[in-house]
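What follows draws every value from the coordinates through simple rules; no lab data is involved. Owing to the predicted nature of the structure, the values given are computational and were not obtained by experimental measurement. Ideal geometry is used to build each Cβ from the backbone, glycine not excepted, and the neighbour counts take in all protein chains shown.
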Amino acid sequence: MDRLCTRTIHELRSLMDQGACDPQALLEELLEQIERLNPTLHAYITVDAERLRQRLEQRLRQGPRGKLFGIPITVKDNLCVQGEETTCASRILRNFRPPYTASAVERLCQAGAIIVPRANMDEFAFGSSTESSAYGVTRNPWDLERVPGGSSGGSACAVAADAAIAALGTDTGGSIRQPAAFCGVVGLKPTYGRVSRYGLIAFASSLDCIGPITKDVHDCALLLSVLAGYDPKDSTCAPVEVPDYVAAMQQPVQGLRFGVPNEYLIEAGIEPDVKAALEESCRALEQLGMQRVSVSLPHTSSAVATYYVVATAEASSNLARYDGVRYGARAATDGGSLLDMYQRTRADGFGTEAKRRIILGTYVLSRGYYDAYYLKGLKVRTLIKRDFDEALTHCDVLICPTSPTAAFRIGEKLDDPLQMYLSDIFTISANLAGIPALSMPCGLTTKGLPIGMQLMAGPFREETLLQAAYAYEQATEWHRRKPDLRPQTSDFRTGKEVGGVTDV
Amino acid sequence: MTYEPVIGLEVHLQLNTDSKLFCGCSTTFGAAPNHQTCPVCLGLPGVLPVFNHRAFEWGIKTALALDCTLAQVMKFDRKQYFYPDLPKGYQISQYDQPLAQAGCLDIDVAGQARRIGITRIHLEEDAGKLLHDPQAPWSYVDFNRAGVPLLEIVSEPDLRSPDEAYEYLLELKAVLEYLDVSTCDMEKGSLRCDTNISLRKPGEALGARVEIKNLNSFKAVKASLVYEIMRQAKQLDAGERIAQETRLWNAKSEQTETMRSKEEASDYRYFPEPDLVPFTIQPRVREAIATQLPPLPAQRRMRLVDTYGLSAYDAQVLTQHRRLAELFEEAVAQGAKPKPLANWIMGELLAYLNARGQEPSGVTLRPEWLVHLLEAIDAGTISGKMAKELFVESIERQVDPAQVIRESNLRQIVDDEQLDRLADEVIAGFQKSVEDYRKGKANALMFLVGKCMERSNGKANPTQMTGILKRKLT
């Protein structure tokens, strides 16, 4: 029988209900997998095995019981978990232990899950590679010399390596979808306002979304059904009914229309393997009975600039509270002035990318520049949203690659931040428009690296996404591909490069 | 050279809602430091604000009472700066679309009616409080106040003298009290005031504006303006230019002083608050609140003059506090005569409050007590002097004066026979005074009346006593 840690939530639920699997055995296997792989992969910043065992024991004794009873779910380091060190992978929140738990995480607990904290990430979610974490780089389990993507790199890596059953990530410009694509797993950014943001340490308030990273579409639908719903603590959370996502997922896709945006196809930076995989996927969708149409998103070329103006402005504001006064790290200044304390604390505590974005955001909001940048950015954002409203009248889902390339090498894009930013081109617009978007594996490059396909749908139309994704997945089975993590063929203690990919 | 002062006032009012503007923490004054806080008002990572609708309604109530036009959309903005008492590094406030604009407040300055414009009213959250330890190289922060709802009321620069500014504040406070939206207490900080003043030669363009902060009372507002007019006039007369700046009022030296220049430039980088969704202010919300407005001071004044025939002055004093006006009207409704009642409230009640430093809203006094008290005086049951003592006892024991009169047999002695006997006793005992009186010394009669009062433990009716003695001695 396959090891328990390689299973999905729905398989484990089924096994547990039949009495064929015991939650403690599951946790032990998972801890063993983590212990073996994490020193090399560094998907988790820290893991406290004892505490996890205690939590499981308590859960088994006291409940609550629900869809996720006894299932460990990994959580990104920017989601507050009461009493757990939550740092956003930054030095400035060293030793910060929130006195409360994020609402989305609380929902997992209410469904009976065990929370496994501190999946690694880019500092404050600023990044597409997890290289800016103050606590070390995470490696792509398919190729240890490459990045897992970001900013939810730790979450995606863990799921791909079976060092997590499933995980929560967050997505502001693609931070769930792109790492999911780079690691060959499923990642969903729900509609903005579908899942409560209370307890998510904010990057960009009007863009941030919490979402599931899973081994297959079924698990994705399952987790979404637990996470979604109204929360009075978040004024931007929508009081919209939560449908039965798992049921909706299984609806036939005959007659659904899909559009590939013209502007995305002509994007110069798309790797040939990625382009080929996308075309192949489109054919597969047509074979399933879906109908391909042509659509246009005319303001695509303004998306990245708009995003970096709006997101950094909000980020500069949201990060102002890290001043050393009430929590986190405070620099010692030996009787210096208030300004000394502020400057030293923030200079020491923030990494380079965080500083870069704070400065950019501050500039964009400053007197004399506000109209030309921020205000303009908000206006272009409206135009981008209208593009999607229009395009989605002609089709039910939009299809495109998640990223123009597969995973790049660690260190490759660090010298040119703009290059890094441009790799977000396909994911960013969904955040600007607030619509839901899902990434799933759709192929491998000639080097054996995962390629992700992105599906986008209208606001609160996650059912359509899951429906199309599930049909595609069941027909193509890319989700069964796993990286080769066997001890014999890859030395995970020394981090030597793996040769090739194997079906497990 | 006489210059024309151009004065504007900016009032920050703490709304007396049960909870803070964006979280459920209590707003009660005086709690132990950092005992009225939560992750939201402390600005912990990951928290989000939720708008307090009571504060919204009270903001509208105030705006309507001041004759303002409400905004169409309720929207918040972030005002960003760094300071230890500002937990998030920004204050949630309103920038370009305040809750209300273009209102007015009518005031009366020495008999002259003046209409003062209100530029804008908006909602924002208060910051925490810093406490500086002069002995230590550190300061303390108390976040109990952080997040308390504030209403900022900005007047047009329509005021033309320190007296006008003072009257404006008194009238504004009266209106706010009537609306019952705040404790309006400058000493406890629930009402704060900054003022702006510039001088100009009549008919000329506006001069450089000086802002004055650190004002702790309405009197300080007036005094600081008086000082500023003198200071600026002196400089202008000497041909110097006035620096546009912020000055602090020094209550000890009674002067304004230049504020040490702040290192931070005042670019607040305002942008719309993304964590709060803007919403349309529905006309029906406005209507519902408008119909619930209580009669405001100006209206009550008119009623007191028209219906009860009080003088303008009396009406002014009585309407200074909603509680006084209410007491008056309730007591009249129960049968008290307007003029004596007004006099008693303005005289005895205010004296009682002032002696104890209490506000009218802070004392429990039932209208029927006043009614009974005045009836007793009118009927001669008790003397004026006895009534004053009785009044105090009534309040302190929280008991009806009628009951006290019954209990302690305080009734004045009005029986002629008794008084007659008393007069005879006193005349017999103080022959010298009797002779003095017969010789022409009027005071001697008063002395004898006094002795009668003493002997009767204050119960003799002095008027009757005087009459009886006079009769007997002539």
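Tell me, rounded to the nearest percent, the portion of alpha carbon pairs in the range B:416-473 spaced more than 15 Å apart. That fraction is 36 percent. Between the helical axis of B:384-397 and the longest alpha-carbon principal axis of chain B there is an angle of about 50 degrees.
With a simple spin-label model that places each label point 7 Å from the Cα along the Cα-to-Cβ direction, the separation between B:ARG286 and A:GLN291 comes to 4.9 nm. P(r) tail for the protein assembly as shown, what percent of Cα pairs lie past 39 Å? The answer is 56 percent, as a whole percent. Separation of the range A:250-275 from the range B:411-474 is 114 Å, based on Cα centroids. Counting only alpha carbon atoms, the long axis of helix B:443-455 and the longest principal axis of chain B meet at about 90°. Near A:ARG257, the amide H atoms lying under 5 Å from its own belong to A:GLN291, A:ASP396, A:VAL397; only residues 5 or more places off or on other chains count, and H is placed 1.01 Å from N. Centre-to-centre separation between the Cα atoms of the range B:311-332 and those of the range A:11-70: 73 Å. Estimated from helical segments only, the mean residue ellipticity of the protein assembly as shown at 222 nm is -12000 deg cm²/dmol, where each DSSP H run of four or more residues counts as -39500 (n - 2.57). If only the Cβ of Lys and Arg carry +1 and only the Cβ of Asp and Glu carry -1, the dipole of the range B:4-288 around its Cα centre is close to 240 debye.
Looking at the range B:295-408 from every direction and averaging, what is the projected area of its Cα convex hull in nm²?
Mean projected area of the Cα convex hull: 6.8 nm².
Entry note, chain A: relative contact order of 18 percent, from Cα contacts under 8 Å with a spacing of 6+ residues.
Computed over chain A, the P(r) curve from all C-alpha pair distances, binned at 20 Å from the origin, holds 25, 60, 15, 0 percent per bin. Once the gyration tensor of the Cα atoms in the range A:26-68 is diagonalised, the equivalent ellipsoid follows with semi-axes of 24, 10, 9 Å, ordered largest first.
Residue by residue, the range A:435-451 carries 3J(HN,Hα) couplings of 8, x, 8, 10, 10, 9, x, 9, x, 9, 6, 4, 7, x, 9, x, 10 Hz when phi is fed to the Karplus relation 6.51 cos²θ - 1.76 cosθ + 1.60 (θ = phi - 60°); x denotes Gly or Pro.
Cα convex hull, the range B:146-204: 110 Å³ per residue, rounded to a whole number.
Loop-located chymotrypsin sites (Phe, Trp or Tyr not before Pro) across the range B:131-240 with a Cβ neighbour count of 11 or fewer within 10 Å are B:TRP138, with loop assigned by DSSP.
For B:GLU393 and B:ASP106, a Förster radius of 41 Å and the Cβ-Cβ distance give a FRET efficiency of 0.50, rounded to the nearest 0.05. Rounded to the nearest 10 degrees, the inclination of helix B:462-473 to the longest alpha-carbon principal axis of chain B is 30 degrees. Once the Cα-Cα distance is subtracted from the 0.36 nm per residue extended length, the B:ALA351 to B:ASP185 segment shows a gain of 57.8 nm. Convex hull of alpha carbon positions in the range A:401-457: directionally averaged projected area 4.3 nm². Note that the range A:377-478 carries a Kirkwood radius of 15.1 Å, evaluated over its alpha carbons pair by pair. Among the trypsin sites (Lys or Arg not before Pro) in the range A:331-389, those placed in a DSSP loop whose Cβ has at most 15 other Cβ atoms within 10 Å are A:ARG367. Mind jotting down the distance between the C-alpha centroids of the range A:323-387 and the range B:130-180, whole Å? Using only Cα atoms to place each centre, the spacing works out to 31 Å.
Would you tell me the mean number of C-beta atoms belonging to other protein chains that fall within 10 Å of each C-beta in A:197-205, as a whole number? Could you put the intermediate results ahead of the total?
Values: counts 4, 6, 6, 4, 4, 6, 0, 1, 6.
Per residue, the average neighbour count from other chains is 4.
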